[in-house]
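Read-outs throughout are calculated quantities, based only on the coordinates presented, and are distinct from any laboratory measurement. All values reported here derive from a predicted model rather than from experimental measurement. Glycine gets a Cβ as well: all are built from the backbone with ideal geometry, and neighbour counts include every protein chain shown.
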Amino acid sequence: MQPRRQMLRSLVTGSLLMPGLLSELLAADASHGLADPGPLTPKEPHFAPKAKRVIFVFATGGVSHIDTFDPKSSANGRNGDGNDKLMGCVFPYSANRKCGTEVSDLFPYLREQMEHICVIRSIKSAHFDHSEAALGMHTGSPTFARPSMGAWMSYGLGTFNQNLPSFIVIAPHLPYGGTQVYANDFLPAYHQGTRVIPGEQPIENLQPRTRQRNLQQLEMSLLASLNQRHQRDREHDSQLAARIKSFETAFQMQTAGPEAFDLNREDDRTLEMYGLKRGQTTGFGWQCLVARRLAERGVRVIELVDSGSRPNWDAHGDMKEHVPLAKASDQPLAALITDLRQRGLFDETLIVWATEFGRTPTKEGKFGRGHHGDCFSIWLAGGGVQGGMVHGETDDIGRSIARDPVDVHDLHATILHLMGIDHTRLTHRHAGRDFRLTDVHGRLITPILA
């Protein structure tokens, strides 16, 4: 018996009657209600959103809050609790001239953008171990497999461009937590993130095997018709539905994908702003510029994993290991904000920069710091967030939260709110109960809302 694929090819290429037969098949499917608008069609939010899309930047490894966005006095050598030896800011700080927000010299470009940025200095991590904390930041659960925030937003809102995935993750290296940070878990499989690896071919196998697009489209239409007929009696099989949808998206991406990732279409001024050379296909600047292009093209959720070449921000031995990573990400992040503003996309795009936890105010080794989940810093910009402000405060050494604590569930609730979603109403029934991204927790961080 000939393989199914070979049979379909012979049917399509060997019969002059096939276009007519295919039309009848598709018409019959439409009469059975199979020609639905699709699972990723844009859905109505619960209320008017401030943002249409999210760009989530994840600095994997644990960025030191004390050395970046939460200045503490230089207390080298001073005894803390017991035999702890405190270490204040390793890098000098300066204030933004317009809003006064202090940022260390690790991020001079971002410092100039602080009038558009809200820094939260009082967030608490879900865990003190890398993988668990990274999963907590992405899924709300540090211990159990749960859908990622990006998958929840795809599930709740759909996407604007059916020719590209609704949730794209640009990651040269996987962060702590691995693929679970963008997984769908019990949500339908077409809501999981699509990983893009910077390089000459960001998504493999996008080139069509034939230049006869009409022929390929005919084959795909016949395959879709047969798949949908097969699905008719298996309507609750999300893996089957996801496979069918992935075929459709992959076909459309043969055109939309290469165009979206082709930076040769950008002018020299834009490339220079992101710190890129013409023809460059790697680096964090490439990630940020591609994020802007995907945002323009209607992708709902874009995650950028900032891992550097080390490959992450985990600095136990020497805080100066933060220097090359900050240098690689500072200019591109500032350029992303500027670029979105110039194109009128900033107010409808929510940018979130986060890491899994901070680092201790005490030394580890000679000049390093350990993991610290009790308090750390993140920042948000655009899409309904009030720029030029700092929310929350830590104590004088950066060990504990002194004012306005923020939980990871609070952050997720606020992000969903800015996207027009009531976090208590975005639920999915699984294993006999209703689940949501924020579980039974979450409160809005109302002071930061514009």
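Given H placed on each backbone N at 1.01 Å, which residues far from VAL63 in sequence or on other chains put an amide H within less than 5 Å of it? Long-range HN contacts for VAL63: GLU356, PHE357. When +1 charges are put on Lys and Arg Cβ atoms and -1 charges on Asp and Glu Cβ atoms, the dipole computed for the range 280-410 relative to its Cα centre reaches about 520 debye. For LEU449, the amide hydrogen comes within under 5 Å of the amide hydrogens of GLN386, counting only partners 5 or more places away or on other chains and with H modelled in the peptide plane.
Neighbour counts of other Cβ atoms within 10 Å put SER377, SER329 in the fewest-to-most order SER377, SER329.
The trypsin sites (Lys or Arg not before Pro) of the range 367-450 that DSSP puts in a loop, and whose beta carbon has at most 14 other beta carbons within 10 Å, are ARG425, ARG443.
How would you rank TRP379, TRP313, going from fewest to most other Cβ atoms within 10 Å of each one's own Cβ? Ranked by crowding around the Cβ, least crowded first: TRP313, TRP379.
Of the listed peptides 337-344, 109-116, 384-391, what is their order by residue-averaged count of other C-beta atoms within 10 Å, with the highest listed first? List each step's numbers first, then the result.
Numbers: 337-344: 16.5, 109-116: 21.0, 384-391: 19.4.
For the peptides 337-344, 109-116, 384-391, the packing ranking is 109-116, 384-391, 337-344.
Legend: residue pairs LYS320/LYS363; LYS124/LYS320; LYS43/LYS124; LYS277/LYS327; LYS72/LYS320, Cα-Cα distance threshold 21 Å; pairs beyond threshold, LYS124/LYS320; LYS43/LYS124.
Given contacts defined as C-alpha pairs under 8 Å and at least six residues apart, what's the relative contact order of the range 312-450, whole-number percent?
Numbers: 184 pairs, mean separation 27.0, N = 139.
Worked out over the range 312-450, it gives 19 percent.
May I ask you to sort LYS72, LYS85, LYS277 by Cβ crowding, counting other Cβ atoms within 10 Å and putting the fewest first?
Ranking LYS72, LYS85, LYS277 by Cβ neighbours within 10 Å, fewest first, gives LYS277, LYS85, LYS72.
Decide, for the range 334-437, between rounded, prolate and oblate: order the square roots of the alpha carbon gyration tensor eigenvalues as a ≥ b ≥ c, take rounded if a/c falls under 1.5, and otherwise choose prolate if a/b is larger than b/c, else oblate. Since a/c reaches 1.5 but b/c is at least a/b, the shape of the range 334-437 is classed as oblate.
Charging the Cβ of each Asp and Glu at -1 and of each Lys and Arg at +1, and nothing else, the dipole of the range 85-186 about its Cα centre rounds to 220 debye.
Toward the positive end of the charge dipole of the range 93-144, with +1 on the Cβ of Lys and Arg and -1 on the Cβ of Asp and Glu, the farthest Cα among SER125, LEU135, GLY100 is that of GLY100.
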